[in-house]
Each structure stands twice: as structure tokens, then as C-alpha cells.
Amino acid sequence: MKPARLALVLAAALGALPARAQSPPSPTPAPRPVAPAPSAPSPVAAGPASVLVVPLEGEVASTEPNWVGELASELLPHGLQALGVAAVDRDDRLRAQAALEIPVVPLTRATSIRVAEALGAERLVFGTYVVKDGTITLTLRVLDLARAGTTPPLVARGPLRGVGDLAHGLSWDLAAALGRAPAVSREQFAEKRPQGSFESMEALGKALVSRKPPTQVKLLRHALLLSPSLDVARLALARVQVETGEFSAAHGTLARVPASSPLSRAARFMEGVAELQIGRYADAAATYGDLAAERPTPAVLNNQALAVLRDPHTKLRASDVLRRALEQDPDATDLAFNLAWALLYENDPASAEYFLRGLLRRDPLDGHTRVVLSWALRKAGRSEEAGHEWEGVLAMAPSYATLVTPDLGRRFERILPSERIRPDARSERSENEVAAGLVGRAERLLAAGDAPGALRDLERAAYLDPYAQKVHLLLARALRTQGARERALNELRMTLWSQDDPGVRAEMAQLLLEMGRRPEARREAEKVLKLDPGNETARKVIEGT
């Protein structure tokens, strides 16, 4: 988003916050018991998410229950999805924040907009809550990122003990405000609300706020003990178990989500992730095969293909399944990488090379892709080209130095943790453009005294653009600060090979003097003074010799 556009959006967002003295509309009526609806709308298909809900902010931070905002950000997307609105799950939002290196802290409006754009969301839902005398008031606003306009506030008030029901009911109003008229009545929708007591909702909210997995697990188990049918807590528990590598435990947790639950599909998707991680490939292939029969989203097809790749008894080809996924989402880099990996696994290195080179055009710094490309070339018998690509591996990702020999038994494939693929906003940049970005960052790191960090970026830049004078000059300076004078001297000579420069030659003369090589230092300083008689560095070198 351009700065002027971002300023307009921010002004609309910040100016739209309801004034404290504003009288809210009539409270949302409590749902009345009715007969079960004959049918419910199908959950929204995975695809570009149109709505991001960020945690609500407490108006009086010191006195509010700090878990209410996170609980609402968990419940509202589920309610919207059940009504056919493409909303981002809370855990997908957190993954996007992690990818953007945004800590899990209260988000500013500008940061919320940045996260929404990264997820491809068109609208942002934000708001506040206030608790007074056992009553909670939730106030929501919708910001249209394209038009930089907000809707009138949506306000719901009720007993704090009914906060789960209140958030669920508010998602019905929110769907209508988003232009998606609910296909079911409010009363019918209320029948689908999460089944949990206030105490279990409180435990769930506190678990979402916590950053410590043991505490999260304890609180979520307590929530399920109080309300065994609270599937949203069961899904949250499984997420923590997957994130901490407890895949068998997660599988057992997810198996208890009934097929009739609105969260059944999300549970089965995560169950398949656990099966892939623990090597139950036939089970994972069946899990994702069933999900694909219902709705073949790119993420489902991706994970199905990874199960097929490792299942010796299947008749499917993983590459065929991945091609179907990539047809639906041609810009998804993880799908393209997995297709290349599957093609190499299926002994088609030439086709694998095609996709891998496309990935490197999008991200020249991806050492993982360079490893697999070098393997594909080696498998195709093109040893010289494979050796050149391996030099790139050593420059981009030195930690992969032991992977020179192709090993297709490694689990290089990329399992998708969620059915909603995060849009990849990267555009193709030339290697020279990427190198220039690295040089700029290295220069800042060097000025800040971080020579090791600067060296990492400069070595990558040197591989991508070996004839760039500034790369070698900065490498020389970084190496010199690290005491690697001989290497620094070599880099200065490479700089002068690109273009003779009196200032650089004076720097080299000074370095030679430091190394005790006085005759060489004097000769270089004399060359400088012929071109630049006023060069102080060269004069000092002459005096020192």
C-alpha cells in the first residue's frame, strides 16, 4: 500500500473509533430456543480471506478481564465462517504475524492493516469491550481497506457470563454488515453456538492469552473438563500439541471432535498434519483424500500429495495431485517447491529443475531450494552446473554444507499447517536487485557495529552479483574489523579490479601498513598521491613507512 493510501486508511480507522459518550444501539436480544434448523450454510471454502478479526481492546485496561479480546478473536471468525464469510482464523493471523516478525502484542491500527494486507484480507474488524457490574459491552467496527471507510459501530451488551453466546450472536450481525446476508435466522444460528459454560470460556480465553505451552495445555484441559463439547477448546489444545511436537497426543485430541461439529473439517485437516508428522502416511492419504472429495482446496491437495509421496501402496502420483493444487493457486511457492520435490522423487529431474529455477527467480536467497536444484542437476548428470549451484548453497545457507549428496529420504517436503494458504506477495527480482538490498542492509549493520551480520549478507550478495564493486569494498571493511586482514586485502584488490579508485587504494595501503608490509604499502600510497595529491590517508602511510 502506498504511503498516501495507508495514511487515508489509518485516518479512517483512527477517526472511526466510537466516542466514550456515544450511546450504543439497542442490545442484541438473547437467542430464543427454537427447533433445529433443517439445514445450515456450508462453511466457507478456503481461498483468499476477505475478513481479518483482530483482538478487541479493553477500554479500561487495568480493570478488564484481559482474556475477552482474544476469546472474541477466536470465536468471531468461526461464527463468520459458519455463515459463509471467508474469515481468517486466529492461528492463521498469528502465523502471518510471525512471518512478518510482528510480536504477539496488542496491535496498532497500522500494524493490523499490514497483517490484513499480508493475508490478502479486504476488510479489517476491530473494536473494544468494556465490563461493568457484571455486564459486558462489545463494540465492533469494519474497515474497508480498499475504500478506507468504516461501517457504523455494531454494539452488543449482555451478562459477562454469556460472553461466548454474545460473541457468537454478534458474528451474525457482523456477517450482515459485511454484505453477506445470513441464510439462517438469528435463532437458528444461535443453536450452533459453542457449547461451553462461562468457566470453560474463561479458561479458553486465558489459554489464548498465555504464551507458555504448559499453561495453555493445563487451561485448555480444564476447559474441556468443564465443557467436553467445547470443540473450539479441543482444537486449540491440538494446535498447542502440534506446535510443541506432541503429534500423537494431538491426533488423540482431534479424534474426539465429532463429524457433526462445525469445526470438524478443521479438526480433520489438523489430524492429517499429525498423521504426516508421525509417519502414518496411508492414514494421512485417506484423511486428505476424504477432504478432497468434499472440497479439493490447494492446501488439502498439497498435504494429500505429501502422504501419497511416502505411501508405497498408493496408485496415485504425488506430482499429479500437486499439479491440481498449483492450478488453483499458481502463486503459492510452497506448492511449487513440493511439486519440484515430488518430480525429483519420481525421477524427473528436468521437470523439477524448471520449477526450482522459477522459485529462485522469486527468492534468490532460498538456500533450501538451491540444495534441491543442485541435487536435480546432479541426478540429471550435469555435475558442473550442480557444482555451481552448490557454491550458491554455501553462500546462502552454510548450515546445509553436509547435504552435498542427494538424499531423497529426507523430509524436505513442506506440510501446510492450515487449509488457508497465506498469499505470497513476493514479486520476481533480479539477482542484482536482491544483492543491492543485501548490500544496503549490510552497510547499516556495519555502521551499527554488527560485522558478523554484515558479513553474512555480503557473502550472499557477492555470490549473486560478483562484479559489484561496493560488495567487495564492504566485505573488506567487515573482514578487517574481524581481524581477517589477508582476506580483506584480497577483497580490496577485487574492488580495484572492478574500478581503480584512489580512496580504495589508500585504504589498501593503510591495511598493508597494519600488516607490516611497508614497501608494498608505500608503493600503493605513492600511486594514490599521483592521482590525488591531497589524500591524507596516503600521506600518513608514506610517513609511517
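The values are calculated or read from the model by the stated rules, or taken from the named source; none is laboratory data. Bear in mind the structure is a predicted one, so any value in this text is a computation, not a measurement. Glycine also receives a Cβ, built like all others from the backbone with ideal geometry; neighbour counts cover every protein chain displayed.
Here are the numbers for the structure shown:
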| read-out | value |
| --- | --- |
| Strands (runs of 3 or more DSSP E) contained in region 123-175 and holding at least 3 residues under 29 Å from the mean Cα position of the chain (by Cα) and closer than 20 Å to G58 by Cβ | 123-132, 135-144 |
| Contacts under 6 angstrom Cβ, first residue in region 292-308 being under 15 Å from A336 (Cα atoms), partner surrounded by fewer than 24 Cβ atoms within 10 Å (Cβ to Cβ) and polar (S, T, N, Q), 6 or more apart | P298/Q328 |
| Selection count where residues are crowded, with 17+ Cβ neighbours inside 10 Å and of a type in the set (V, I, T), scope region 368-425 | 6 |
| Helices (runs of 4 or more DSSP H) enclosed by region 445-545 - at least 3 residues per element that are farther than 30 Å from D363 by Cα | 485-498, 502-514, 518-531, 536-544 |
| Subset of region 415-444 (residues that are charged (D, E, K, R) and either modelled with pLDDT of 75 or more or part of a loop (DSSP other than H, G, I, E, B) (or both)) | E419, R420, R422, D424, R426, E428, R429, R441, E443, R444 |
| Flag if A233 is part of a helix (DSSP H, G or I) and out of contact with any Pro (no Cβ under 7 Å at 6 or more places or on another chain) | yes |
| In region 97-115, residue surrounded by the fewest Cβ atoms within 10 Å (Cβ to Cβ) [restricted to those that are over 22 Å from W67 (Cβ atoms) and under 12 Å from the mean Cα position of the chain (by Cα)] | E101 |
| Subset of region 195-216 [buried (at least 18 other Cβ atoms within 10 Å of the Cβ) and either in contact with an Asp or Glu (Cβ under 7 Å, 6 or more places away or on another chain) or in a helix (DSSP H, G or I) (or both)] | S200, M201, E202, A203, L204, G205, K206, A207, L208, V209, Q216 |
| Given (1) under 18 Å from R90 (Cα atoms); (2) of a type in the set (G, A, S); (3) surrounded by fewer than 18 Cβ atoms within 10 Å (Cβ to Cβ), number of the condition A249 does not satisfy | (1) |
| Pairs where the first residue, in region 395-415, is of a type in the set (A, V, I, L, M) and the second is buried (at least 18 other Cβ atoms within 10 Å of the Cβ) and outside any helix (DSSP H, G or I), C-beta under 7 Å, 6+ apart | M396/L365 |
| Qualifying residue in region 97-106 (condition: assigned to a helix (DSSP H, G or I) and under 23 Å from A267 (Cα atoms)) | yes |
| Of all residues making up region 363-385, the number that are charged (D, E, K, R), closer than 15 Å to A352 by Cβ and free of Cβ contacts under 8 Å to residues at least 24 places away in the same chain | 2 |
